[in-house]
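First up is the structure itself, then whatever we jot down about it.
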Amino acid sequence: MLKKLKSAERLFLLIKKQFPLISSVSKGKLLNEMQRLINEDPGNWLNAISIWKNLLELDAKKEKLSQRDDNQLKRKVGENEIIIAKKLKIEQMQKIEENRDCQLEKQIEEETLEQRDFTTKSENFQEEEFRNDIEKAIDTHNQKDLTFRVSCRCSGTIGKALTAQEVGRVIGIAVMKHFGWKADLRNPKLEIFIHLNDVYSVVGIPVFRVPLASRAYIKTAGLRSTIAWAMASLADIKAGAFVLDPMCGLGTILLEAAKEWPDVYYVGADVSDSQLLGTWDNLKAAGLEDKIELLKVSVIELPLPSESVDIIISDIPFGKKFKLGKDIKSILQEMERVLHVGGTIVLLLSEDHHRRLTDCKESSIPFNSKDSHTDEPGIKKCLNPEEKTGASKIVSTSFEARNHEFLDRMSPFGSLVPVECYKVSLGKTDAFICKYEKSHSSGL
C-alpha cells in the first residue's frame, strides 16, 4: 500500500521530532544539541530499527512468494509444452514404426524428468541466493554489523550557520559512539535522514531506498511526478473527459493522469520536436501509446474548436530559459477559448506569473496553511473568497455579477474564476498550483 502512494515523495519512520535548534548560539553549542538527537531516547531508535526490519522482511516474503508463483507457472507451462510436443512426436512415429513406441515413451519420461530436475535445482538456487541477499540487508540482530550513512538537509537560519556536511559528520560520529554501528557511504544497510529548519528538527529512516517520486514507468523525468499527480488530482478528472496539456513538455502530467484515470481522452501539445520525442519515449516505456495523442502545435494556435475541452492541465514554463512576458496573456486566452463552460483549468505558475495573473494577494485572499492538503511549512492554500463563507465552488450567477468588474480587470481571466491555489516547493524555487473554472462563454 505504501508503494502505491502517488502524493508522497519519500516516507520516513520518525525517530525524533523537536523544536528547531537556536542558530544564534555558538557553533559548539549547536553541535552539542545535535548530539542529543542521538543520545537521548535510544528506545526510539531501536523501535524504529525494529519496524524498519519488519517492513523489509514482509516485503521480502511477498517478493519471494511472487517469485515462486512465477517459477511454478513457468515450470508448469514448460512441462506441458514438452509433453504435448513429445506426444505429437509419438503419434507420428507410431504410424511409421510401431515397434519403437516403448523406446520413445521411455525417452519422453527421461527427458521430462531431467527437465523437472533441472528446473527444481535452478529454482532452489535462485531462492537461496535471494534469501541470502535479504538476510544480508535486514540482519540487524547483531547491531555491531549494521552499516549506515547520514543524509542531511539544512534550511532557513540554521542552514546559514551550519553546512549539511558538518551536521552529517557530527551525527555520524555520535551514532558510531552510541550504537557501535559502522559508517558506509557507498552501500549502507541503513540510511539516517536529518532535516533541520526554522520549524523543527527531525530525524528519521527512509522506508524505501528509492523515493516514491521516482516512477518506474517514467523513462525521462520532466516535472516532478508528485506535483504532476497533485495537479491531475486537483482537476477532478472523470471517465470520458477530454483532457488537454497544451504545453506538455515530456508529458509527465499526462502520464500521471493516464495511469490514475485511464478511461479518458488525453491530448498533449508542444511546439518542440525534442520535447515531443521525449514524450513519445515516455509513452512507449509506460505502455500508454494508445491513451495519449500528441500534436506539434503552438499553445496560442490550438487546432481545436471553441469550448471543446473539458479539462486543461499545464505547467506554464518559467525560469531564466523561458521569458514569456506578454505571451502569457495570449496563452491564457487560447486556453480559455477551447475550454467549455463549467470546465476546469489547473496551472503550475511561477511566483511572478501568479502575481500577474491571479491578483491573489494577502490583503484580499489570505493564505491559510490549515486549509492546505499538508501541514508542511511553505505549502499554503489560497482560497476563493466565497469558499471562506462555506459557499459552493460552483460560481453562482449572483457571484458572477458582483465580480464582473473584478474579473474584467483580471484579463485574460474574463470567464475564468479562481477556485483554489496551493503554494508548493520545487526545491530551490517555489510555485503555485492554481485551479480555475470557466463560468460563462468567453464571447459574452
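What follows draws every value from the coordinates through simple rules; no lab data is involved. Remember, it's a predicted structure, so these values are computed and weren't measured experimentally. A quick note on method: Cβ atoms are made from the backbone with ideal geometry, for glycine too, and the neighbour counts reach across all protein chains shown.
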Task: Ranked by how many other beta carbons lie within 10 Å on average, peptides 160-167, 349-356, 22-29 from highest - done: 349-356, 160-167, 22-29
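Can you give the charge dipole size of the stretch 163-219 about its Cα centre, rounded to the nearest 20 debye, using +1 on the beta carbon of Lys and Arg and -1 on the beta carbon of Asp and Glu? Numbers along the way, then the final one.
Values: 8 positive and 4 negative charges, 71 e Å.
In total the dipole reaches around 340 debye.
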Task: Amide H partners (placed H, <5 Å) of residue 190, local residues excluded - done: 147, 148, 149
TODO: With θ set to phi - 60°, apply the Karplus curve 6.51 cos²θ - 1.76 cosθ + 1.60 along the stretch 267-283 and write out the HN-Hα couplings as whole Hz, x wherever there is a Gly or Pro.
DONE: 10, x, 10, 7, 8, 9, 4, 5, 5, 5, 5, x, 4, 4, 4, 5, 4
